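The values are calculated or read from the model by the stated rules, or taken from the named source; none is laboratory data. Keep in mind the model is a prediction, meaning the values are calculated, not measured. We place every Cβ from the backbone using ideal geometry, glycine too, and count neighbours over all the protein chains shown. The accessibility values were calculated without ligands, DNA or RNA, using every heavy atom of the protein model including side chains. Shrake-Rupley method; radii C 1.70, N 1.55, O 1.52, S 1.80 Å.
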Amino acid sequence: MSPALPLGDAAPDDGGLPASVAEGAAGRAFGLYLHVPFCTVRCGYCDFNTYTSAELGGGANQASYADTALREIELAARVLEGAGLPERPLATVFVGGGTPTVLPPGDLARMLDGARSAWGLAPGAEVTTEANPDSVTPESLAQLAEAGFTRVSFGMQSARPHVLATLERTHDPRRIPDVVRWARAAGLAVSLDLIYGTPGESPDDWRASLDAVLATGVDHVSAYALVVEQGTKMAVQVRRGDLALPTEEDQAAKYEIADELLSAGGLQWYEVSNWGRTPAQACQHNLAYWRGDDWWGIGPGAHSHIGGDAGGGLRWWNVKHPRAYAERLEAGLSPAAGRETLDLATTRLERVMLGVRLADGLALDLLSTRARREVAGLVADGLLDGRAALGADGHGARVLLTLRGRLLADAVVRALTD
Amino acid sequence: MDASARRAPAVLCRSPERHPLSPIPTAALSKRIQPASTPAELLRNFCIIAHIDHGKSTLADRMLQLTGVVDARAARAQYLDRMDIERERGITIKSQAVRMPWEVDGVPYALNMIDTPGHVDFTYEVSRSLAACEGAVLLVDAAQGIEAQTLANLYLALENDLQIIPVLNKIDLPSAQPEKYAEELAKLIGCEPDDCLRVSGKTGDGVLELLDLIVATIPAPVGDPEAPARAIIFDSVYDTYRGVVTYVRVVDGALSPREKIVMMSTRATHELLEIGVISPEPVVTNGLGVGEVGYLITGVKDVRLSRVGDTVTNAHKPATESLGAYRDPRPMVFSGLYPIDGSDYPILRDALDRLKLNDAALVYEPESSVALGFGFRVGFLGLLHLEIVRERLEREFDLDLISTAPNVVYQVSLEDKSVVTVTNPSEFPSGKVGEIREPIVRATILCPAEFIGAVMELCQVRRGDLLGMDYLSEDRVEMRYTLPLAEIVFDFFDNLKSKTRGYGSLDYEPTGEAAADLVKVDILLQGEAVDAFSAIVHKDKAYAYGVMMVGKLRKLIPRQQFDVPIQAAVGARVIARETISAMRKDVLAKCYGGDITRKRKLLEKQKEGKKRMKTIGRVEVPQEAFIAALSSDTEVKDKKK
Ligand SMILES: Nc1nc2c(ncn2[C@@H]2O[C@H](COP(=O)(O)OP(=O)(O)OP(=O)(O)O)[C@@H](O)[C@H]2O)c(=O)[nH]1
Ligand SMILES: C[S@@+](CC[C@H](N)C(=O)[O-])C[C@H]1O[C@@H](n2cnc3c(N)ncnc32)[C@H](O)[C@@H]1O
Ligand code: SF4
Ligand SMILES: [Mg+2]
């Protein structure tokens, strides 16, 4: 089961947005997230909003999903215009899941076409799709590139078969170099997702996974500490004692190993869980989340955000089940389930909460006076970079996490927010 | 109400000797027992006393029902346990008085019953109630037999010259042994086993007979109706709507509505705005006459102006001699109470002032702690009292509190022969001290004979001296010890229970002070002593205490962003140490497809949790750490696992 949606205010049936969201919009990038809620099997650790049945009924069937999503794209275009937002071509598109590549490439292409005709793509726009390593072929990847995708992110998770088995992944790790090669041949930039801290994964297993990633020569890696989410099969296995909960120490040590090996391999961290070869190769869509840019999330359970620094921005989220989602759209209604308006204080809090995680750091003057007084202590504890805090490195005084600070980023955020 | 409608349910009237429908006086007969005009010979004032949980409140329920004061519809178990906290815990904390009609052989009587608490912390509530009575129903659970508070309360009642009615309760229980315990009880009070009535408060068996016996054996009150009024205050309760409600027992004369009364100790004059009896809710009356028990309302807003033990008299015709006063309850243990959020201090002060209105046993004065900021040092009757006060403060006033480890009061003589009273370990003189004296109690322990060895061993460890031992029956003994209060007030009882498989019971009363070899153990976080964790313990136990506290704190304090060394020290000598290593990882790696709202709510929740911690130096210490210091369990769960 994927986690429940937040509790918020009711969203209007027409999806209409208040004029306050348009404030300063011309200066903000606009992106599109497109959720594909299908997978062939559900991995034991995963609690994403995804379903293994192809026949959820009506517009929620896999076969009609692209059409259903296209309806929301049309609605989005109308709503944004109605709220007085300026026309902005998409800076990023990110198709995530689930496993988007369980849909035929033609469906992904049609959805992308819909977005393109609604807003257009900015020059050099980043267009990513997630994919499972066993859900692509050289041909399908070429078709995606043809359709306008520029980037693919594979869920590799580990190079070690026993780790993949614990995670209940279906793909063969030997396939990774192949899929990377095929994607690059098709002209796609490639990212690999890894999970560390799986029960039974030794430090050497983890090093082997990192080495395997580096051997492929990819320009981007996301490495996530395994979270045993409530309601997953893995949580049951842990409760029964069949699997040991990953320890804090194990995960911390593995994060340090990752940072060490990846940096040595030429990949620099730009966000707590993400590394890229050059700043240009960082995932722009991902950065948009942490920077508080605007994006519209299409699909069941997808989240959206439109709004600027001055407050008055909106976050909203769609109904979770694909069936309910499809039914709302078929009835001509907005699929939004709830929303919240961000007042100035909340906007500022979020700015700190999100911005702290970035390697660019967060300008010190975005902190409250009280929070600024915490900075010295955090530098003394080795969580923040002292030179950056003083602006001594030439980029202006800012909050920049050290390696230890990245591991304790949530504690830093607690200290720096009121 | 039609009198016949108030008749007791026939099914409960099992007594063959009497007419089944006669126990409740008819309307005509009731005229003779109207409050303010009931002749003293028709009054019977009694209380129900017993060891905790022997069924006093349940028996009171049956009496309320049989006398028609509470009809079946309004009945609820332990009707007189009115406070939420009493109902939740299933115990009585405050005594409650109720007037009930009863008829024997065509004569109506007004019975005044007082249900009392059984727990040792509230013994003083019992002694207050006794002063309003001529008799006491001494209840003994027929499945348990005599226990320590049975003895303690019996002795209190005898000191007050009350007529005792021995009663075995819970005879419906399959495990009841009425023969055996009738013998025990008879031996104790010097009567025949047959004199012990057998009842069940649950089924109502025997309760009619008990009511008749009360009328037959408890003396009617005696007083001079013509004399100036003298009424003793035995309880004083603050009520938000009505102000102070004062419960009195009239000894001489009479009190009437709207007259002016005088509190004899303070000479303060008040007007009687309302006067009445409780039956079982307040009923306004035309006054109260000789021997009657009821309540007064004068409009005062502070119970201290209407003090328990004081004598009320008429202003126009004042009495010259007051009735004997009660002993003020003396706090036995002290603990610091601090708001977690320092800005709640004024709320805590007001809350204590409010509770004090109802709880004469509560004493407090402001104090400050380096670690905890501003708070109060509060004196309690015992740990249950502490727990209840704390819970009421948190619940009724929405406070988040830290209470420091409770301690007793020490008298420390300094080199210059001056003596300081230490109610807070952090005030313990740091230089060279002379003699340290600690409070001593006389404890009575009752248990089956097979546990004598286990009890002696326990008392030995607790620095006890055996005073004597008696067999109450073949297999039950009473052991008398002197023990330092500090050794029994915290976890002694739990230990006693587990060593006697639940059969041991304890009662104690303070008897004075004695010198002892005591030291102060300090607890240091990051090298700084935390005054709130200091404790005074016997020299031989300092090491064990230090190891235990340091171990507990290591488990209870979450990891911080830095290493936190924890030490226990006596003076400059470190006797135990542990380190909480710095937190390694505290970051959520992924974010759900842009669900920032969820992430922020999580942050807000974490920050809320942080607010419930107290920052000492730079270390965030959760409330549980302070509570655990208070608790007797040596084992606590590691919060980090
Ligand atoms: N079987 C049985 N249980 C009883 C009887 N009387 C009381 N109890 C039970 O014994 C427990 C204690 O009863 P209470 O009436 O609250 O006892 P108490 O003496 O008022 O207790 P404190 O006021 O706390 O000292 C409750 O669970 C009652 O239901 C009885 O006659 N028979
Ligand atoms: C939506 S999923 C990926 C796409 C694709 N379906 C796949 O699994 O290959 C995005 C990434 O989140 C990470 N992830 C999912 N569940 C996780 C969990 N419980 N703990 C840590 N990482 C998780 C995995 O690395 C996964 O690749
Ligand atoms: S394939 Fe990806 S989205 Fe699907 S269940 Fe597995 S981890 Fe979750
Ligand atoms: Mg009771």
Next on the checklist: Can you give the Rg/Rh ratio of the range B:230-314, where Rg is from the C-alpha atoms and Rh is the Kirkwood radius?
Outcome noted: 0.91
Checklist entry - Taking every DSSP beta bridge that has both residues in the protein assembly as shown, what percent is antiparallel when rounded to the nearest 5? => result 70 percent
Checklist entry - Among A:Trp275, A:Trp119, what's the order by accessible area (1.4 angstrom probe), most exposed first? => result A:Trp119, A:Trp275
Checklist entry - What does the range B:169-240 give for Rg and for Dmax, in Å, if only its C-alpha atoms count? => result 18.4, 54
Checklist entry - In whole Å and largest first, what semi-axes does the C-alpha gyration tensor of chain A yield when each eigenvalue is scaled by 5 and square-rooted? => result 31, 29, 21
Checklist entry - What accessible surface, in Å², does a 1.4 Å probe find on B:Glu396, ignoring ligands, DNA and RNA and rounding to the nearest 10? => result 100 Å²
Checklist entry - Leaving out ligands, DNA and RNA, what percent of the accessible area of the protein assembly as shown is carbon and sulfur, probe 1.4 Å? => result 52 percent
Checklist entry - Say a paramagnetic label sat at a point 7 Å from the Cα of A:Asp9, along Cα to Cβ; which residues of the range A:318-336 have their backbone N under 19 Å from it? => result A:318-319, A:334-336
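About its Cα centre, how strong a charge dipole does chain B have in debye, to the nearest 20, once Lys and Arg get +1 and Asp and Glu get -1 at the Cβ? Working shown, then result.
Details: 79 positive and 91 negative charges, 594 e Å.
Around 2860 debye, computed over chain B.
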Item to check | 18 Å Cα-Cα threshold exceeded, pairs from B:Lys202/B:Lys497; A:Lys233/A:Lys320; B:Lys260/B:Lys317; B:Lys56/B:Lys170; B:Lys94/B:Lys356 | outcome: B:Lys202/B:Lys497; A:Lys233/A:Lys320
Checklist entry - For the protein assembly as shown, what is Rg from Cα atoms divided by 2.2 N^0.38 Å, rounded to two decimals? => result 1.24
Checklist entry - Of A:His321, B:His316, which has the most accessible area and how do the rest follow, probe 1.4 Å? => result B:His316, A:His321
Item to check | Residue-count net charge about A:Phe94 - beta-carbon cut-off 15 Å; Lys, Arg +1, Asp, Glu -1 | outcome: -3
Item to check | Distance from the range B:336-400 to the range B:70-96 (C-alpha centre basis), Å | outcome: 26 Å
Checklist entry - Measuring with a 1.4 Å probe in the full set of protein chains, what accessible area per residue, in whole Å², belongs to the range A:5-120? => result 39 Å²
Next on the checklist: I'd like to check one number: the per residue accessible area of the range A:344-418, probe 1.4 Å, reported in Å² as a whole number.
Outcome noted: 40 Å²
Checklist outcome for this item: In whole percents, the bins of 10 Å from zero upward hold the Cα-Cα pairs of chain B as 3, 14, 22, 23, 18, 12, 6, 2, 0
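Over the range A:144-289, what is the percentage of antiparallel beta bridges among all DSSP beta bridges, to the nearest 5? Don't jump to the answer; show the numbers that get you there.
On the way: 6 of 18 bridges.
If I count the DSSP bridges inside the range A:144-289, around 35 percent turn out antiparallel.
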Next on the checklist: Please report the net charge: other residues with Cβ closer than 11 Å to the Cβ of B:Asp531, K and R +1, D and E -1.
Outcome noted: -3
Checklist entry - How big is the Rg/Rh ratio for the range B:427-484, C-alpha atoms only, Rh by Kirkwood, two decimals? => result 1.20
Checklist entry - Where the centroid of each part is defined by its Cα atoms, how far is the range B:542-593 from the range A:256-277 in Å? => result 33 Å
Item to check | the range B:521-630, Cα convex hull volume normalised per residue, Å³ | outcome: 96 Å³
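Please give the charge dipole size of the range B:521-630, origin at the Cα centre, charges +1 on K and R Cβ atoms and -1 on D and E Cβ atoms. Round to the nearest 20 debye. It would help to have the intermediate numbers written out before the result.
Working: 22 positive and 12 negative charges, 121 e Å.
It comes to approximately 580 debye.
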Next on the checklist: Starting from the 7 Å offset along Cα-to-Cβ, what nm value, one decimal, do you get for the label separation of A:Arg174 and A:Ala26?
Outcome noted: 5.9 nm
Next on the checklist: About the Cα centre, and with charges only on the beta carbon of Lys, Arg (+1) and Asp, Glu (-1), how big is the dipole of the protein assembly as shown? Nearest 20 debye, please.
Outcome noted: 1680 debye
Item to check | Potential lengthening between A:Arg291 and A:Asp242 on full extension [0.36 nm per residue; Cα-Cα distance subtracted] | outcome: 13.6 nm
Next on the checklist: If I histogram all Cα-Cα distances within the range B:321-424 using bins 10 Å wide from 0, what percent of pairs lands in each bin?
Outcome noted: 14, 43, 27, 12, 3, 0
Item to check | Those Cys residues of chain A for which no other cysteine Cβ falls under 4.7 Å | outcome: A:Cys39, A:Cys283
Item to check | Neighbour-limited loop hits for trypsin sites (Lys or Arg not before Pro), the range B:167-271 (at most 16 other Cβ within 10 Å; DSSP other than H, G, I, E, B) | outcome: B:Arg242, B:Arg258, B:Arg267
Checklist entry - Based on DSSP, what percent of beta bridges with both residues in chain A are antiparallel, to the nearest 5? => result 40 percent
Checklist entry - How much mean residue ellipticity at 222 nm does the protein assembly as shown get from its helices, if each DSSP H run of length 4 or more adds -39500 (n - 2.57) and you divide by all residues, to the nearest 500 deg cm²/dmol? => result -9000 deg cm²/dmol
Checklist outcome for this item: Summing +1 per Lys or Arg and -1 per Asp or Glu among the other residues with Cβ less than 15 Å from B:Leu173's Cβ gives -1
